[in-house]
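After the structure tokens below, expect a handful of questions from me.
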């Protein structure tokens, strides 16, 4: 790992996502934003989660730092958004995401300590997209109470756990 890796574009994208999330969490209340602006901010954070990986692979800028930084930042960003917007979410969604993120952090530490690598699955990418959509939908639902958004969040959360089980299988069952 080289110190200059921090200046690679994918790592800068990852860090910008983290810095923006930390800034929002500590400096603003979500209700200071118009609903549409808040949805755009959350969508940009979610899109940046995909763009960093795409840029890293497309331009051959994959680094050891990036393979560690990206998932760590993902967990932190998810938790910051979760707590920042906690009053918007139904209790089951809040605790569902919180528990899953804690379990993923524990699994990630185990993967790092055993120097295993785990390729992100397409299901994992899709699950993350669904959760970001759900977060945006709950922001919208905060002002307009549509049942569709609640069902979408529930289905997304179930799928998100399915993805976690897929990773668990790849780490602990398939590789042993």
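Counting other beta carbons within 10 Å of each residue's own, what order do 161, 23 fall into, fewest first? Please report the intermediate quantities before stating the final value.
Values: 161 16, 23 11.
Lowest count first: 23, 161.
Give me the Å³ per residue figure for the convex hull around the C-alpha atoms of the chain.
118 Å³
While we're on this one: So for 91, 14, fewest C-beta neighbours within 10 Å to most, what's the order?
Ascending Cβ contact count within 10 Å gives the list 91, 14.
Could I ask something else about it? Which whole-number percentage describes the relative contact order of the range 3-174, with Cα contacts under 8 Å and a sequence gap of 6 or more?
27 percent
Moving on. What's the exposure ranking of 57, 75, going from fewest to most Cβ atoms within 10 Å? List each step's numbers first, then the result.
Values: 57 11, 75 15.
Listed from fewest to most nearby Cβ atoms, that is 57, 75.
Values quoted throughout were computed directly from the atomic coordinates according to the rules given, and no laboratory measurement underlies them. Only a predicted model underlies this, so the values are computations on that prediction, with no experimental measurement involved. For neighbour counting, all protein chains shown are included, and Cβ atoms are generated from backbone atoms with ideal geometry for every residue, glycine included.
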